[in-house]
Amino acid sequence: MARDLEPVESKPLCMRSVSRETLDLSCPARLTAAASPGLAGLAVDALLAEIDLYPKPGLVSPVDTGSHHDMDCGLMRTSAESLREPFSRIAGAAAAGAAFESGLVPLGVEAERRMLEVTGGVNTHRGAIFAMGLLVSATALAGIGAGPDTVRTVLLEAWGPALLRHARSDARVGARWEAAAGYPSLFERALPHYRHRLQEGFAADAAAIETLFLLIASVSDTNLIHRGGSKGAAFARGRARDFLGSGGIAGKDWKPRAIGIHAEFVERNLSPGGAADLLAGTLFIHRTCAAEEFPVVKEA
């Protein structure tokens, strides 16, 4: 499942001016080798949390396979679990100051190889490996508990130039450009929205589903374009905006409406995989960078 996306509005590469002197890469708060499995576990847990959500337009869940005929929830969970050790290696390498091209990329390739091995060649998490691998790397370097702004700044300061070179090998679309911009869709849109809904007392799963709709509405996901062309992508964004415009999860009938939109995506073979990767990244950053606890209630 190719998971690729394009920010609707590009942001400047470096969102703030942070000098190398200000960014202390020798800070003792950085991840130790012994802690890297724990950070990797949080990353896998975020992937599993995204898999287990329902309803998600066109995506695999415990209820159905969405628009996918070559994978199901069990395969997706197996794929996610296979990434614990690869993410641990990525975290350890990042904390030790690994370069992007010579250090992180080979570990990402090895993670893909392991994923394909356990899935029998089905591409379940290639896009997630790229996005989550970078978020794990930045969190490992910044230190667990660092604020989201710090993690984003570390990502750009440590690997921004390399990510920009990596992105230039593509057209100005896709996950590479989102990464080179420091994931504006995640840090500026999805994370604040998700946390706001939690502060309001909404259930964590409902808040995550609405955040997914926000990402579908505000990010041009090239996976949608590959499956449905420009018309299909426009349809997906429009239906997500309709859902949000009618109150999102604040409406009493939000779940039936979301299920209906899911059915429409399946009928048109649409799957917003790039948005799903960003949602998993949002859940990961929330859990590793939360400065305070928010009340979470279960749905009735």
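Mind counting the residues in segment 257-276 that are out of contact with any strand residue (DSSP E or B) (no Cβ under 6 Å at 6 or more places or on another chain) and within 13 Å of Leu53 (Cβ to Cβ)? Walk me through it before giving the result.
The initial filter retains those residues of segment 257-276 that are out of contact with any strand residue (DSSP E or B) (no Cβ under 6 Å at 6 or more places or on another chain), namely 257-271, 273, 276.
Right, trim to within 13 Å of Leu53 (Cβ to Cβ) and you get 258-259, 262, 276.
Within segment 257-276, residues that are out of contact with any strand residue (DSSP E or B) (no Cβ under 6 Å at 6 or more places or on another chain) and within 13 Å of Leu53 (Cβ to Cβ) number 4.
Going by the conditions given, is Asp205 in a helix (DSSP H, G or I) and touching a residue at least 60 places away in the same chain (Cβ under 8 Å)? Write out each step before concluding.
Details: in a helix (DSSP H, G or I): yes; touching a residue at least 60 places away in the same chain (Cβ under 8 Å): yes.
Yes: the conditions hold for Asp205.
Residue check: is His226 modelled with pLDDT under 95 and either surrounded by fewer than 17 Cβ atoms within 10 Å (Cβ to Cβ) or not in a helix (DSSP H, G or I) (or both)? Reasoning before the result, please.
Working: modelled with pLDDT under 95: yes; either surrounded by fewer than 17 Cβ atoms within 10 Å (Cβ to Cβ) or not in a helix (DSSP H, G or I) (or both): yes.
Yes.
Among the residues of segment 47-56, which ones are of a type outside the set (Ser, Thr, Tyr) and touching a Ser or Thr at 6+ places or on another chain (Cβ under 8 Å)?
Ile51, Asp52, Leu53, Pro55
Determine the pairs where a residue that is at positive phi, located within segment 234-255, has a partner that is in a helix (DSSP H, G or I) with Cβ atoms under 6 Å apart, the partner being 6 or more residues away or on another chain.
Close Cβ pairs (under 6 Å, with a partner that is in a helix (DSSP H, G or I)) amount to Gly248/Glu210.
Among the helices (runs of 4 or more DSSP H) confined wholly to segment 82-169, which include 2 or more residues that are of a type in the set (Lys, Arg)?
Values: elements: 84-95, 105-119, 126-142, 148-167.
Passing ranges, in order: 84-95, 105-119, 148-167.
Is there a residue being out of contact with any Asp or Glu (no Cβ under 7 Å at 6 or more places or on another chain) and among the aliphatic types (A, V, I, L, M) anywhere in segment 120-131? Step through it out loud before you land on a result.
Initially, segment 120-131 is screened for residues out of contact with any Asp or Glu (no Cβ under 7 Å at 6 or more places or on another chain), giving 120-121, 123-125, 130.
Retained after the next criterion (residues that are among the aliphatic types (A, V, I, L, M)): none.
Checked segment 120-131: no residue is out of contact with any Asp or Glu (no Cβ under 7 Å at 6 or more places or on another chain) and among the aliphatic types (A, V, I, L, M).
If I ask for residues that are in a loop (DSSP other than H, G, I, E, B) and modelled with pLDDT of 95 or more, which ones from segment 229-266 would you list? I'd like the intermediate steps shown before the answer.
Within segment 229-266, the first condition is being in a loop (DSSP other than H, G, I, E, B), and the residues that meet it are 246-247, 251-253.
If the condition is that a residue be in a loop (DSSP other than H, G, I, E, B) and modelled with pLDDT of 95 or more, then Ser246, Gly247, Asp253 are the ones that fit.
The values are calculated or read from the model by the stated rules, or taken from the named source; none is laboratory data. Just so we're clear, the structure is a prediction, and the values are computed from it rather than from any experiment. When we count neighbours, we look across all protein chains shown, and the Cβ atoms used for this are built from the backbone with ideal geometry, even at glycine.
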